[in-house]
Amino acid sequence: MKWAFIAVGVIAAVVVLVVIIGALLPRDHVAIMQARIAAPQRLVWQTLTDPAAYPTWRHDVKSVEMLAPGAAGPSWREHSSSGAITFAIDSADPPHVLVSRIADRDLPFGGTWSYVVEPEGDSASTVTIIEKGYVSNPVFRFVSHFIMGQNATIDAYLRALSKRFGPEVRPTSVQVVVHETDGV
């Protein structure tokens with residue numbers, strides 16, 4: 001019985017420590033990654049702006065439910081093993097810059113993704129993704145910062161995008177910055 005109390009006490013102490021450390025970390029971050037994609041700019045742009053086709057090349061997305069479009073473009077809900085997340089396009093400058101955001105307000109995280117697509121000749125492109133995100137929940141903040149990494153989602157996205165057009169490439173981390181602000 002004594003060992004059970006000790007085990008419960010240790011687990012509780014670890015949970016409290018994770019919450020405290022998570023609460024001390026900045027809520028907001030900016031992560032930037034880029035990858036060379038073996039496809040021309042127009043094909044990359046078409047792929048990025050066709051959410052209904054995401055399940056065909058993004059293995060983390062089980063299905064996409066298209067929603068009523070907003071003023072700047074489409075809105076959709078992605079269904080994955082982690083649940084459903086609603087996205088909306090905030091702005092687009094075809095075929096160069098696309099800005100999307102998580103439209104759900106009740107999630108413990110959110111923010112925007114800016115996709116910058118630069119041509120590299122006629123047959124390749126460089127895609128840079130700039131995530132301006134936040135993680136409200138201290139436990140998720142701890143996990144995001146120390147376990148997953150601030151750029152894990154961008155890395156997976158760029159790997160899947162590259163594999164869509166050829167061999168999977170390893171994206172380059174350009175920058176990860178955590179900072180304290182009131183919003184992103």
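The values are calculated or read from the model by the stated rules, or taken from the named source; none is laboratory data. In this text, all values refer to a predicted model and were calculated from it rather than measured experimentally. Here Cβ is always computed from backbone atoms with ideal geometry, including for glycine, and neighbour counts include all displayed protein chains.
Need the failing condition index for Ile147 against (1) out of contact with any Phe, Trp or Tyr (no Cβ under 8 Å at 6 or more places or on another chain); (2) in a strand (DSSP E or B); (3) more than 22 Å from Trp45 (Cβ to Cβ); (4) not aromatic (Phe, Trp, Tyr), just the number. Going through the list (1) out of contact with any Phe, Trp or Tyr (no Cβ under 8 Å at 6 or more places or on another chain); (2) in a strand (DSSP E or B); (3) more than 22 Å from Trp45 (Cβ to Cβ); (4) not aromatic (Phe, Trp, Tyr), Ile147 breaks only (2).
Yes/no per residue for (1) touching a strand residue (DSSP E or B) at 6+ places or on another chain (Cβ under 7 Å); (2) small (Gly, Ala, Ser); (3) surrounded by 14 or more Cβ atoms within 10 Å (Cβ to Cβ):
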site	(1), (2), (3)
Lys2	no, no, no
Arg27	yes, no, yes
Val30	yes, no, yes
Ala35	yes, yes, yes
Ala38	yes, yes, yes
Thr56	no, no, no
His59	no, no, no
Ala68	yes, yes, no
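Here Gln34 meets the list (1) within 19 Å of Arg159 (Cα to Cα); (2) part of a helix (DSSP H, G or I) almost entirely, failing just condition (2). For the range 17-26, the condition holds for at least one residue, the condition being that it is touching a residue at least 40 places away in the same chain (Cβ under 8 Å) and either closer than 25 Å to Pro167 by Cβ or in a loop (DSSP other than H, G, I, E, B) (or both).
Listed here are the residues, each with its yes/no results for (1) more than 20 Å from Val61 (Cβ to Cβ); (2) surrounded by 18 or more Cβ atoms within 10 Å (Cβ to Cβ); (3) under 14 Å from the mean Cα position of the chain (by Cα).
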| site | (1), (2), (3) |
| --- | --- |
| Asp93 | yes, no, no |
| Phe109 | no, no, yes |
| Trp113 | no, yes, yes |
| Ser125 | yes, yes, no |
| Pro138 | yes, yes, no |
| Phe142 | yes, yes, no |
| Leu158 | no, yes, yes |
| Gln175 | yes, no, no |
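One residue stands out in the range 122-163 among those that are modelled with pLDDT of 95 or more and of a type in the set (D, E, K, R): the one that is nearest to Ala53 (Cα to Cα), namely Lys163. Of the residues Ala92, Ala68, which is modelled with pLDDT of 95 or more, farther than 29 Å from Pro40 by Cβ and out of contact with any Lys or Arg (no Cβ under 9 Å at 6 or more places or on another chain)? Only one candidate passes the filter, namely Ala68. On inspection, Thr86 qualifies as of a type in the set (Ser, Thr, Tyr), in contact with a strand residue (DSSP E or B) (Cβ under 6 Å, 6 or more places away or on another chain) and either free of Cβ contacts under 8 Å to residues at least 60 places away in the same chain or not in a loop (DSSP other than H, G, I, E, B) (or both). Screening Gly111 with (1) within 14 Å of Gln34 (Cα to Cα); (2) touching a residue at least 12 places away in the same chain (Cβ under 8 Å); (3) of a type in the set (Gly, Ala, Ser) gives one miss only, at (1). Looking at Asp60, Asp93, just one residue is charged (D, E, K, R) and out of contact with any helix residue (DSSP H, G or I) (no Cβ under 9 Å at 6 or more places or on another chain), and that residue is Asp93.
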